[in-house]
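The values are calculated or read from the model by the stated rules, or taken from the named source; none is laboratory data. These numbers were taken from a predicted model, which means no experiment stands behind them. Please note: Cβ atoms are built from the backbone with ideal geometry, for glycine as well, and neighbour counts cover all protein chains shown. For the accessible areas, the whole protein counts, side chains as well, though only heavy atoms, and no ligand, DNA or RNA atoms are used. Shrake-Rupley method; radii C 1.70, N 1.55, O 1.52, S 1.80 Å.
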Amino acid sequence: MKIEKDFDLTKLNTFGVKAQAKFFAEVKNEEDLVELFNTPEFRDNQRLFLGGGSNVLFTKNFEGIVVLNRMKGMNVVKEDEENVFIKSMGGEFWHDLVKFTVERGLWGIENLAFIPGTVGAAPVQNIGAYGVELKDTLENVEAYDIDTGKQVIFYKDECEFGYRSSIFKGKYKGKYFISSLVLKLSKRGKGNTDYKILRDYLEENKIKVETSRDISEAVTAIRKSKLPDPILIGNAGSFFKNVFVDREELESLRKTYPEVPSFEEEGIIKIPAGWLIEKCGPRDGTNWKGYREGNIGVHEKQALVLVNYGGATGEEIKNLSEKIIFSVSLKFGLLLEREVNLI
Ligand code: EPU
(Lines give C-alpha, C1' and ligand atoms only; values in the text may rest on other atoms or scores of the structure.)
Protein backbone atom coordinates (compact mmCIF):
# COMPACT_ATOMS: atom_id res chain seq x y z
CA MET A 1 0.00 0.00 0.00
CA LYS A 2 1.39 3.31 -1.15
CA ILE A 3 0.44 6.77 0.13
CA GLU A 4 0.56 9.41 -2.59
CA LYS A 5 0.75 13.18 -2.13
CA ASP A 6 -1.20 15.97 -3.87
CA PHE A 7 -3.31 13.45 -5.72
CA ASP A 8 -5.66 14.55 -8.50
CA LEU A 9 -9.27 13.49 -7.80
CA THR A 10 -10.85 14.62 -11.09
CA LYS A 11 -11.32 11.04 -12.34
CA LEU A 12 -12.48 9.80 -8.94
CA ASN A 13 -15.66 11.89 -8.74
CA THR A 14 -18.47 11.44 -11.24
CA PHE A 15 -19.06 15.20 -11.37
CA GLY A 16 -15.59 15.33 -12.91
CA VAL A 17 -14.61 18.47 -11.00
CA LYS A 18 -10.98 19.23 -10.35
CA ALA A 19 -9.72 18.80 -6.80
CA GLN A 20 -6.69 17.42 -5.06
CA ALA A 21 -6.20 15.32 -1.96
CA LYS A 22 -3.24 16.12 0.24
CA PHE A 23 -2.75 12.35 0.70
CA PHE A 24 -4.25 9.42 -1.15
CA ALA A 25 -4.26 5.64 -0.62
CA GLU A 26 -5.93 2.67 -2.28
CA VAL A 27 -6.97 -0.24 -0.12
CA LYS A 28 -7.16 -3.64 -1.85
CA ASN A 29 -7.43 -5.96 1.15
CA GLU A 30 -7.65 -6.05 4.93
CA GLU A 31 -3.85 -6.09 5.35
CA ASP A 32 -3.65 -2.79 3.41
CA LEU A 33 -6.26 -1.35 5.73
CA VAL A 34 -4.47 -2.36 8.92
CA GLU A 35 -1.20 -0.99 7.51
CA LEU A 36 -2.94 2.26 6.60
CA PHE A 37 -4.43 2.69 10.08
CA ASN A 38 -0.92 2.76 11.52
CA THR A 39 0.48 5.48 9.29
CA PRO A 40 0.84 9.08 10.53
CA GLU A 41 -0.79 10.32 7.30
CA PHE A 42 -3.95 8.46 8.30
CA ARG A 43 -3.77 8.96 12.07
CA ASP A 44 -3.05 12.69 12.01
CA ASN A 45 -5.32 13.86 9.22
CA GLN A 46 -8.96 14.26 8.32
CA ARG A 47 -10.13 11.21 6.35
CA LEU A 48 -12.49 10.73 3.47
CA PHE A 49 -13.49 7.27 2.21
CA LEU A 50 -14.40 7.13 -1.45
CA GLY A 51 -16.17 4.44 -3.41
CA GLY A 52 -17.33 5.36 -6.89
CA GLY A 53 -17.28 9.10 -6.12
CA SER A 54 -20.88 9.28 -7.31
CA ASN A 55 -22.30 11.13 -4.33
CA VAL A 56 -19.70 13.81 -3.61
CA LEU A 57 -19.06 17.32 -4.79
CA PHE A 58 -15.57 18.68 -4.17
CA THR A 59 -15.78 22.44 -3.74
CA LYS A 60 -12.12 22.72 -2.78
CA ASN A 61 -9.02 20.60 -2.31
CA PHE A 62 -9.22 18.03 0.46
CA GLU A 63 -6.58 18.78 3.07
CA GLY A 64 -6.53 15.28 4.51
CA ILE A 65 -6.29 11.70 3.29
CA VAL A 66 -8.65 10.19 0.72
CA VAL A 67 -8.94 6.41 0.93
CA LEU A 68 -10.29 4.51 -2.02
CA ASN A 69 -11.95 1.18 -1.27
CA ARG A 70 -10.85 -1.35 -3.89
CA MET A 71 -11.55 -4.53 -1.91
CA LYS A 72 -12.98 -7.10 -4.32
CA GLY A 73 -14.89 -10.36 -4.04
CA MET A 74 -18.47 -11.67 -4.09
CA ASN A 75 -19.56 -15.08 -2.86
CA VAL A 76 -22.44 -17.13 -1.51
CA VAL A 77 -22.01 -17.55 2.24
CA LYS A 78 -25.16 -19.45 3.18
CA GLU A 79 -28.17 -20.97 1.53
CA ASP A 80 -31.45 -22.52 2.66
CA GLU A 81 -34.75 -23.51 1.04
CA GLU A 82 -35.88 -19.93 0.55
CA ASN A 83 -32.84 -17.68 0.62
CA VAL A 84 -29.30 -17.19 -0.52
CA PHE A 85 -26.97 -14.98 1.52
CA ILE A 86 -24.36 -13.18 -0.55
CA LYS A 87 -21.33 -11.42 0.78
CA SER A 88 -19.76 -8.68 -1.30
CA MET A 89 -16.64 -6.71 -0.57
CA GLY A 90 -17.08 -2.95 -0.45
CA GLY A 91 -14.89 -2.13 -3.45
CA GLU A 92 -17.08 -4.02 -5.93
CA PHE A 93 -19.22 -1.92 -8.24
CA TRP A 94 -22.82 -2.00 -7.09
CA HIS A 95 -24.19 -2.92 -10.51
CA ASP A 96 -21.79 -5.88 -10.73
CA LEU A 97 -23.39 -7.19 -7.55
CA VAL A 98 -26.86 -6.74 -9.06
CA LYS A 99 -25.70 -8.73 -12.11
CA PHE A 100 -24.19 -11.43 -9.88
CA THR A 101 -27.60 -11.90 -8.19
CA VAL A 102 -29.83 -11.80 -11.27
CA GLU A 103 -27.53 -14.22 -13.12
CA ARG A 104 -28.27 -16.66 -10.28
CA GLY A 105 -32.01 -16.07 -10.58
CA LEU A 106 -32.17 -14.36 -7.18
CA TRP A 107 -34.66 -11.66 -6.20
CA GLY A 108 -34.16 -8.61 -4.03
CA ILE A 109 -31.96 -5.94 -5.61
CA GLU A 110 -33.07 -6.04 -9.26
CA ASN A 111 -34.88 -2.66 -8.86
CA LEU A 112 -31.54 -1.16 -7.81
CA ALA A 113 -29.91 -1.98 -11.15
CA PHE A 114 -27.52 0.45 -12.80
CA ILE A 115 -26.97 2.68 -9.78
CA PRO A 116 -23.47 4.08 -10.03
CA GLY A 117 -21.08 3.69 -7.11
CA THR A 118 -19.69 0.90 -5.00
CA VAL A 119 -21.09 -1.69 -2.62
CA GLY A 120 -19.31 -0.13 0.38
CA ALA A 121 -21.02 3.21 -0.20
CA ALA A 122 -24.49 1.69 -0.63
CA PRO A 123 -25.40 1.42 3.09
CA VAL A 124 -24.13 4.92 3.90
CA GLN A 125 -27.06 6.52 2.17
CA ASN A 126 -29.31 3.45 2.00
CA ILE A 127 -29.48 3.60 -1.80
CA GLY A 128 -32.97 3.35 -3.21
CA ALA A 129 -34.81 3.33 -6.50
CA TYR A 130 -38.09 2.16 -8.05
CA GLY A 131 -39.74 1.19 -4.79
CA VAL A 132 -36.82 -0.70 -3.21
CA GLU A 133 -34.10 0.32 -0.78
CA LEU A 134 -30.91 -1.42 0.24
CA LYS A 135 -32.30 -1.95 3.75
CA ASP A 136 -34.95 -4.32 2.35
CA THR A 137 -32.36 -7.05 1.69
CA LEU A 138 -29.43 -6.07 3.87
CA GLU A 139 -28.45 -8.60 6.53
CA ASN A 140 -25.35 -6.98 7.96
CA VAL A 141 -22.48 -4.61 7.33
CA GLU A 142 -18.88 -5.35 8.26
CA ALA A 143 -16.83 -2.29 9.08
CA TYR A 144 -13.60 -1.27 10.74
CA ASP A 145 -13.60 1.17 13.62
CA ILE A 146 -10.90 3.58 12.47
CA ASP A 147 -9.92 4.57 16.00
CA THR A 148 -9.37 1.07 17.36
CA GLY A 149 -8.77 -0.80 14.08
CA LYS A 150 -11.26 -3.47 15.24
CA GLN A 151 -13.75 -5.11 12.94
CA VAL A 152 -17.39 -4.67 13.92
CA ILE A 153 -20.59 -6.17 12.52
CA PHE A 154 -23.67 -3.99 12.30
CA TYR A 155 -26.91 -5.88 11.86
CA LYS A 156 -29.63 -4.21 9.83
CA ASP A 157 -31.54 -2.94 12.87
CA GLU A 158 -28.43 -1.25 14.20
CA CYS A 159 -27.84 0.77 11.03
CA GLU A 160 -30.66 3.30 11.66
CA PHE A 161 -31.71 3.27 8.04
CA GLY A 162 -34.01 5.96 6.74
CA TYR A 163 -34.65 7.68 3.42
CA ARG A 164 -31.14 8.19 1.98
CA SER A 165 -29.64 7.96 5.45
CA SER A 166 -28.02 5.64 7.98
CA ILE A 167 -25.94 5.68 11.13
CA PHE A 168 -22.85 5.90 8.86
CA LYS A 169 -24.06 9.26 7.58
CA GLY A 170 -25.31 10.31 11.01
CA LYS A 171 -23.62 9.81 14.36
CA TYR A 172 -20.91 7.47 13.02
CA LYS A 173 -20.01 9.66 10.06
CA GLY A 174 -16.34 9.11 9.18
CA LYS A 175 -15.86 6.70 12.09
CA TYR A 176 -16.08 3.39 10.21
CA PHE A 177 -14.60 1.99 7.04
CA ILE A 178 -17.17 -0.31 5.44
CA SER A 179 -15.32 -3.38 4.22
CA SER A 180 -18.18 -5.65 3.12
CA LEU A 181 -21.84 -6.45 3.44
CA VAL A 182 -24.14 -9.46 3.36
CA LEU A 183 -27.48 -9.46 1.55
CA LYS A 184 -30.34 -11.88 2.02
CA LEU A 185 -31.87 -12.65 -1.36
CA SER A 186 -34.87 -14.79 -2.26
CA LYS A 187 -34.88 -17.82 -4.51
CA ARG A 188 -38.54 -17.29 -5.32
CA GLY A 189 -40.19 -13.98 -6.03
CA LYS A 190 -42.50 -12.12 -8.31
CA GLY A 191 -40.76 -8.78 -8.19
CA ASN A 192 -41.80 -5.40 -6.91
CA THR A 193 -43.45 -3.46 -9.73
CA ASP A 194 -45.47 -1.06 -7.58
CA TYR A 195 -43.50 2.00 -8.67
CA LYS A 196 -45.67 3.68 -11.30
CA ILE A 197 -42.94 4.57 -13.78
CA LEU A 198 -41.64 0.98 -13.72
CA ARG A 199 -45.14 -0.53 -14.01
CA ASP A 200 -45.96 1.75 -16.96
CA TYR A 201 -42.70 0.85 -18.70
CA LEU A 202 -43.39 -2.89 -18.34
CA GLU A 203 -46.94 -2.47 -19.63
CA GLU A 204 -45.99 -0.25 -22.55
CA ASN A 205 -43.28 -2.69 -23.62
CA LYS A 206 -45.52 -5.73 -22.98
CA ILE A 207 -42.97 -7.26 -20.61
CA LYS A 208 -44.29 -10.03 -18.40
CA VAL A 209 -41.99 -10.30 -15.41
CA GLU A 210 -40.71 -13.86 -15.07
CA THR A 211 -37.22 -13.34 -13.73
CA SER A 212 -35.42 -10.72 -11.68
CA ARG A 213 -33.41 -10.00 -14.80
CA ASP A 214 -36.62 -8.76 -16.54
CA ILE A 215 -36.89 -6.06 -13.88
CA SER A 216 -33.19 -5.19 -13.78
CA GLU A 217 -33.23 -4.73 -17.57
CA ALA A 218 -36.34 -2.55 -17.44
CA VAL A 219 -34.88 -0.38 -14.66
CA THR A 220 -31.61 -0.07 -16.58
CA ALA A 221 -33.49 1.09 -19.67
CA ILE A 222 -35.50 3.66 -17.68
CA ARG A 223 -32.40 5.01 -15.96
CA LYS A 224 -30.50 5.23 -19.26
CA SER A 225 -33.36 7.19 -20.82
CA LYS A 226 -33.58 9.75 -17.99
CA LEU A 227 -30.29 10.05 -16.21
CA PRO A 228 -27.12 11.35 -17.86
CA ASP A 229 -24.17 8.94 -18.16
CA PRO A 230 -21.42 10.39 -15.93
CA ILE A 231 -18.80 9.23 -18.43
CA LEU A 232 -20.30 11.64 -20.95
CA ILE A 233 -21.68 14.41 -18.70
CA GLY A 234 -20.45 14.94 -15.15
CA ASN A 235 -23.18 14.44 -12.54
CA ALA A 236 -23.94 12.67 -9.27
CA GLY A 237 -27.50 11.46 -9.85
CA SER A 238 -30.09 13.18 -7.69
CA PHE A 239 -28.48 16.28 -6.25
CA PHE A 240 -31.37 16.88 -3.82
CA LYS A 241 -33.60 14.64 -1.75
CA ASN A 242 -37.33 14.50 -2.19
CA VAL A 243 -39.10 16.66 0.38
CA PHE A 244 -41.02 15.34 3.39
CA VAL A 245 -44.25 17.16 4.22
CA ASP A 246 -47.07 16.47 6.65
CA ARG A 247 -50.68 16.19 5.61
CA GLU A 248 -51.54 19.78 6.55
CA GLU A 249 -48.62 21.18 4.54
CA LEU A 250 -49.67 19.10 1.54
CA GLU A 251 -53.29 20.26 1.80
CA SER A 252 -52.28 23.88 2.12
CA LEU A 253 -49.94 23.57 -0.91
CA ARG A 254 -52.74 21.95 -2.92
CA LYS A 255 -54.92 25.02 -2.36
CA THR A 256 -52.53 27.02 -4.53
CA TYR A 257 -51.10 24.18 -6.63
CA PRO A 258 -53.75 21.46 -6.92
CA GLU A 259 -51.52 19.43 -9.25
CA VAL A 260 -48.66 18.87 -6.74
CA PRO A 261 -47.61 15.19 -7.03
CA SER A 262 -46.93 13.27 -3.83
CA PHE A 263 -45.91 9.75 -2.74
CA GLU A 264 -46.72 8.09 0.53
CA GLU A 265 -44.39 5.35 1.78
CA GLU A 266 -44.33 3.91 5.27
CA GLY A 267 -46.51 6.78 6.49
CA ILE A 268 -44.17 9.45 5.11
CA ILE A 269 -45.43 11.86 2.46
CA LYS A 270 -42.83 13.00 -0.08
CA ILE A 271 -43.06 15.59 -2.80
CA PRO A 272 -40.74 14.94 -5.75
CA ALA A 273 -38.06 17.62 -5.62
CA GLY A 274 -37.77 17.30 -9.42
CA TRP A 275 -41.30 18.64 -9.74
CA LEU A 276 -40.68 21.57 -7.38
CA ILE A 277 -37.48 22.51 -9.26
CA GLU A 278 -39.23 22.20 -12.60
CA LYS A 279 -41.85 24.69 -11.45
CA CYS A 280 -39.21 27.30 -10.53
CA GLY A 281 -36.52 29.05 -12.50
CA PRO A 282 -33.76 31.62 -12.37
CA ARG A 283 -36.28 34.37 -13.14
CA ASP A 284 -40.06 34.65 -13.20
CA GLY A 285 -41.57 32.72 -16.05
CA THR A 286 -38.42 30.63 -16.63
CA ASN A 287 -37.76 27.00 -15.79
CA TRP A 288 -34.68 25.36 -14.24
CA LYS A 289 -35.13 22.12 -16.16
CA GLY A 290 -32.66 22.15 -19.03
CA TYR A 291 -31.17 25.45 -17.77
CA ARG A 292 -27.54 26.03 -18.71
CA GLU A 293 -25.10 28.59 -17.39
CA GLY A 294 -21.65 28.18 -18.98
CA ASN A 295 -20.31 24.79 -17.99
CA ILE A 296 -23.05 23.87 -15.56
CA GLY A 297 -26.74 23.18 -15.73
CA VAL A 298 -29.85 21.27 -14.72
CA HIS A 299 -30.45 18.10 -16.71
CA GLU A 300 -33.16 18.42 -19.36
CA LYS A 301 -34.88 15.12 -18.50
CA GLN A 302 -34.60 15.11 -14.70
CA ALA A 303 -34.56 18.39 -12.81
CA LEU A 304 -33.06 16.72 -9.73
CA VAL A 305 -29.77 16.22 -11.52
CA LEU A 306 -27.18 18.98 -11.79
CA VAL A 307 -24.57 18.57 -14.51
CA ASN A 308 -21.04 19.60 -15.36
CA TYR A 309 -20.74 19.98 -19.13
CA GLY A 310 -16.96 20.05 -18.71
CA GLY A 311 -14.53 22.23 -16.84
CA ALA A 312 -16.90 23.44 -14.12
CA THR A 313 -15.72 23.87 -10.54
CA GLY A 314 -17.48 22.39 -7.54
CA GLU A 315 -18.02 25.90 -6.25
CA GLU A 316 -20.01 26.83 -9.38
CA ILE A 317 -22.22 23.77 -9.01
CA LYS A 318 -22.74 24.53 -5.33
CA ASN A 319 -23.74 28.12 -6.20
CA LEU A 320 -26.28 26.88 -8.72
CA SER A 321 -27.70 24.50 -6.10
CA GLU A 322 -28.10 27.43 -3.71
CA LYS A 323 -30.00 29.46 -6.29
CA ILE A 324 -32.31 26.48 -6.84
CA ILE A 325 -32.87 26.00 -3.10
CA PHE A 326 -33.67 29.71 -2.77
CA SER A 327 -36.15 29.75 -5.65
CA VAL A 328 -38.00 26.67 -4.35
CA SER A 329 -38.21 28.08 -0.87
CA LEU A 330 -39.49 31.41 -2.20
CA LYS A 331 -42.22 29.83 -4.30
CA PHE A 332 -43.31 26.88 -2.17
CA GLY A 333 -41.93 27.62 1.29
CA LEU A 334 -40.20 24.20 1.24
CA LEU A 335 -36.56 23.57 2.01
CA LEU A 336 -34.65 21.33 -0.40
CA GLU A 337 -31.88 19.27 1.17
CA ARG A 338 -28.86 18.09 -0.73
CA GLU A 339 -28.40 14.36 -1.21
CA VAL A 340 -24.84 14.87 -2.45
CA ASN A 341 -22.10 15.34 0.16
CA LEU A 342 -20.33 18.66 -0.16
CA ILE A 343 -16.63 18.49 0.60
N1 EPU B 1 -40.63 14.85 -11.54
C2 EPU B 1 -40.87 16.05 -12.23
N3 EPU B 1 -39.86 16.61 -12.91
C4 EPU B 1 -38.61 16.08 -12.98
C5 EPU B 1 -38.36 14.88 -12.31
C6 EPU B 1 -39.38 14.28 -11.58
O7 EPU B 1 -41.97 16.57 -12.19
O8 EPU B 1 -37.75 16.68 -13.65
C9 EPU B 1 -41.73 14.22 -10.77
C10 EPU B 1 -42.77 13.54 -11.61
O11 EPU B 1 -44.00 13.74 -10.94
C12 EPU B 1 -42.38 12.08 -11.54
C13 EPU B 1 -41.84 11.99 -10.13
O14 EPU B 1 -41.18 13.23 -9.93
O15 EPU B 1 -43.48 11.23 -11.71
C16 EPU B 1 -40.90 10.84 -9.90
O17 EPU B 1 -39.80 10.92 -10.78
P18 EPU B 1 -38.68 9.79 -10.82
O19 EPU B 1 -39.29 8.45 -10.94
O20 EPU B 1 -37.66 10.18 -11.82
O21 EPU B 1 -38.09 9.81 -9.34
P22 EPU B 1 -37.56 10.94 -8.39
O23 EPU B 1 -38.42 10.96 -7.17
O24 EPU B 1 -37.35 12.21 -9.12
C25 EPU B 1 -36.11 9.25 -7.02
C26 EPU B 1 -34.70 9.06 -6.59
C27 EPU B 1 -33.83 8.57 -7.73
C28 EPU B 1 -34.43 7.24 -8.21
C29 EPU B 1 -35.87 7.48 -8.65
C30 EPU B 1 -36.58 6.22 -9.04
C31 EPU B 1 -34.37 10.66 -4.81
C32 EPU B 1 -33.71 11.93 -4.38
N33 EPU B 1 -34.16 10.31 -6.07
O34 EPU B 1 -36.13 10.32 -7.98
O35 EPU B 1 -32.54 8.31 -7.21
O36 EPU B 1 -33.68 6.69 -9.28
O37 EPU B 1 -36.61 8.04 -7.54
O38 EPU B 1 -36.88 5.50 -7.91
O39 EPU B 1 -35.04 10.02 -4.01
C40 EPU B 1 -30.32 9.10 -6.91
O41 EPU B 1 -30.52 8.98 -5.70
O42 EPU B 1 -29.23 9.53 -7.37
C43 EPU B 1 -31.40 8.80 -7.84
C44 EPU B 1 -31.30 8.98 -9.15
Inset, instruction - Please find, among GLU35, GLU41, GLU26, GLU79, the residue that is open to solvent by 60 Å² or more (accessible area, probe 1.4 Å) and under 30 Å from GLY314 (Cα atoms). - result: GLU26
Legend entry - strands (runs of 3 or more DSSP E) contained entirely in region 41-92, each with at least 1 residues that are away from the ligand (no atom under 16 Å from the Cβ) and of a type in the set (Asp, Glu): 62-69, 74-79
Legend entry - SER327 vs. criteria within 30 Å of LYS22 (Cβ to Cβ), of a type in the set (S, T, N, Q), open to solvent by less than 50 Å² (accessible area, probe 1.4 Å) and at pLDDT 95 or above: no
Legend entry - Candidate set: region 290-304, residues that are open to solvent by 60 Å² or more (accessible area, probe 1.4 Å) and within 13 Å of the ligand (Cβ to nearest atom); chosen: the one nearest to GLU315 (Cα to Cα): GLU300
Inset, instruction - State all residues of region 178-232 that are of a type in the set (Phe, Trp, Tyr) and either in a loop (DSSP other than H, G, I, E, B) or out of contact with any helix residue (DSSP H, G or I) (no Cβ under 6 Å at 6 or more places or on another chain) (or both); if no residue qualifies, say none. - result: TYR195
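Per-residue answers, yes or no, for (1) farther than 19 Å from THR59 by Cα; (2) crowded, with 21+ Cβ neighbours inside 10 Å; (3) of a type in the set (Ser, Thr, Tyr); (4) touching a strand residue (DSSP E or B) at 6+ places or on another chain (Cβ under 8 Å):
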{"position": "PHE244", "(1), (2), (3), (4)": "yes, no, no, yes"}
{"position": "ILE277", "(1), (2), (3), (4)": "yes, yes, no, yes"}
{"position": "ASN287", "(1), (2), (3), (4)": "yes, no, no, no"}
{"position": "ARG338", "(1), (2), (3), (4)": "no, no, no, yes"}
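Listed here are the residues, each with its yes/no results for (1) open to solvent by less than 10 Å² (accessible area, probe 1.4 Å); (2) under 15 Å from SER216 (Cα atoms); (3) under 14 Å from the mean Cα position of the chain (by Cα); (4) at pLDDT 95 or above.
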| site | (1), (2), (3), (4) |
| --- | --- |
| GLY105 | no, yes, no, yes |
| GLY108 | no, yes, no, yes |
| THR118 | yes, no, yes, yes |
| GLU139 | no, no, no, yes |
| LYS156 | no, no, no, yes |
| CYS159 | yes, no, no, yes |
| TYR163 | no, no, yes, no |
| GLY174 | no, no, no, no |
Inset, instruction - Check whether at least one residue in region 145-152 is within 11 Å of the ligand (Cβ to nearest atom) and among the polar types (S, T, N, Q), and report yes or no. - result: no
Inset, instruction - Kindly list, by first and then second residue, each pair from a residue in region 274-296 that is in contact (Cβ under 8 Å) with a residue 60 or more places away in the chain to a residue that is among the hydrophobic types (A, V, I, L, M, F, W, C) and surrounded by 14 or more Cβ atoms within 10 Å (Cβ to Cβ), limited to pairs with Cβ atoms under 9 Å and residues at least 6 apart or on different chains. - result: LEU276/PHE240; LEU276/VAL243; LEU276/VAL260; LEU276/ALA303; LEU276/VAL328; LEU276/PHE332; LEU276/LEU334; LEU276/LEU336
Legend entry - Residue count, region 1-15 (criterion: open to solvent by less than 30 Å² (accessible area, probe 1.4 Å) and on the phi > 0 side of the Ramachandran plot): 0
Legend entry - Residues of region 128-187 classified as over 22 Å from LEU33 (Cα atoms) and either outside the structural domain of ARG213 (by TED's automatic domain parsing) or among the basic types (Lys, Arg) (or both), total: 6
Inset, instruction - May I ask you to verify whether GLU31 is part of a helix (DSSP H, G or I) and either within 27 Å of the chain's Cα centre (by Cα) or outside the structural domain of SER180 (by TED's automatic domain parsing) (or both)? - result: yes
Inset, instruction - Scan region 269-283 for residues that are more than 21 Å from HIS299 (Cα to Cα) and more than 11 Å from the ligand (Cβ to nearest atom) and jot them down. - result: ILE269
Inset, instruction - Take region 1-28 and flag every residue that is among the β-branched types (Val, Ile, Thr) and outside any helix (DSSP H, G or I). - result: ILE3, THR14, VAL17, VAL27
Inset, instruction - Answer with yes or no whether GLU266 is under 19 Å from ALA236 (Cα atoms) and either surrounded by fewer than 10 Cβ atoms within 10 Å (Cβ to Cβ) or more than 13 Å from the ligand (Cβ to nearest atom) (or both). - result: no
Inset, instruction - For residues that are outside any helix (DSSP H, G or I) and not hydrophobic (A, V, I, L, M, F, W, C), scanning just region 93-108, find the one that is farthest from THR193 (Cα to Cα). - result: ARG104
